[in-house]
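Heads up: the structure comes next, in structure tokens.
The values are calculated or read from the model by the stated rules, or taken from the named source; none is laboratory data. These numbers were taken from a predicted model, which means no experiment stands behind them. Don't worry about glycine lacking a Cβ; one is built from the backbone with ideal geometry, like all the others, and counts go over all protein chains shown.
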Amino acid sequence: MGKVLVADDSGVMRKIIIRALNSCGVNDIVEAADGVEALARFAEHPIDLVMTDWNMPNMTGLQLLQQIRAGGSQVPVIMITTEAEAGRVKEAILAGVTDYLAKPFENDVLRQKIDKFVTVSA
């Protein structure tokens with residue numbers, strides 16, 4: 001079972017993502033309300049997967065991704081966002097994003113994404 005870091009400035013969205021992760025068998029979850037807090041949690045815990053919103057105060061999801069990659073980590077990072085225009089997608093790919101999850105999402109789509117990176121219970 002892997003540890004997942006969920007970073008989103010919306011408490012409601014974090015709860016939705018966590019509930020979806022729980023329904024997929026993922027229960028070892030660390031929360032962060034913005035990129036700064038997420039980077040601190042990332043440094044405190046061995047993280048197997050990062051799921052981050054793009055638009056957050058203090059440090060965006062893209063900046064978080066850039067910081068994680070600058071530190072040498074290749075941990076999978078899934079960007080959860082409504083930002084799907086080609087320029088932004090390209091920017092995230094160049095920064096080293098692993099995958100995208102568009103809001104709103106269905107649990108089965110989330111499951112397909114995380115199954116690639118985290119071992120979950122059946």
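See the values below:
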{"read-out": "Residue list for the stretch 66-89, filter: modelled with pLDDT of 85 or more and out of contact with any Ser or Thr (no Cβ under 7 Å at 6 or more places or on another chain)", "value": "Gln66, Gln67, Ile68, Arg69, Ala70, Gly71, Gly72, Ser73, Gln74, Val75"}
{"read-out": "Single match in Met79, Met51, Met59 (criterion: of a type in the set (A, V, I, L, M) and more than 11 Å from the chain's Cα centre (by Cα))", "value": "Met59"}
